[in-house]
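Each remark here refers to the structure printed beneath this line.
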Amino acid sequence: MKAVISTLMVTIITGVIVFKFFLTSLLTFFGYAVLPIESLKGLTHSKKIVQKMQHRHQAKSANISKRFIQRSGKKIAVTAVSAATIGTVAVIGTLTYLEISQYCEDKQVLNADANILFDTDKQFNMNACLEQGKQDSAHFANEAWQSIKETSSEVLSSLEQTSDELLDPSRKATAELFESIDDWFNQTFK
């Protein structure tokens with residue numbers, strides 16, 4: 001009787017092991033896996049965390065351009081007003097260039113985060129971002145210049161009237177200023 005029970009037990013255990021391996025192989029063939037319930041709960045929790053991070057990332061990506069426009073315009077205008085001299089155009093150009101660089105670095109970090117969160121491999125083009133920023137930021141420089149015009153002293157007003165053509169940055173002049181600053185940075189730091 002002992003032999004029958006032990007044989008029956010070994011047969012049942014062997015059958016369970018064979019069935020488990022067969023089921024695992026069959027599920028693997030269809031792209032599934034067998035996991036304990038505790039592991040599945042952990043994966044579900046991890047998936048919720050990843051989804052929450054993805055939503056935060058999307059919100060941050062949507063707000064980065066808005067913050068760039070709000071922060072940069074105010075910062076450049078305030079700094080330009082405090083440096084209201086002949087070199088104001090250079091101050092505006094340099095600050096705008098630095099703001100554009102910071103904006104593009106933030107976008108590059110967001111791109112790297114998106115590649116991890118969404119399992120993509122999108123390359124970030126820093127030069128394209130800088131060029132687009134130069135084009136978009138011409139109105140920052142003009143806004144800062146207008147702010148200087150509105151808050152300038154009487155001495156600056158008389159200087160402004162006599163040399164408005166020289167100092168007032170147009171889109172073309174601003175783009176040329178950015179290009180010269182860009183060339184200077186490239187020559188200095190390479």
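Computed from the coordinates by the stated procedures, all read-outs in this text should not be read as laboratory data. Computed from a predicted structure; not experimentally measured. Using ideal geometry, Cβ is built from the backbone for each residue, glycine included, and neighbour counts are taken over all protein chains shown.
In terms of surrounding Cβ atoms within a 10 Å radius of their Cβ, 65, 137 rank from fewest to most as 65, 137. In terms of other Cβ atoms within 10 Å, 1, 9 run from fewest to most in the order 1, 9. Counting every other Cβ atom within 10 Å of each residue's Cβ, 103, 32 order from fewest to most as 32, 103.
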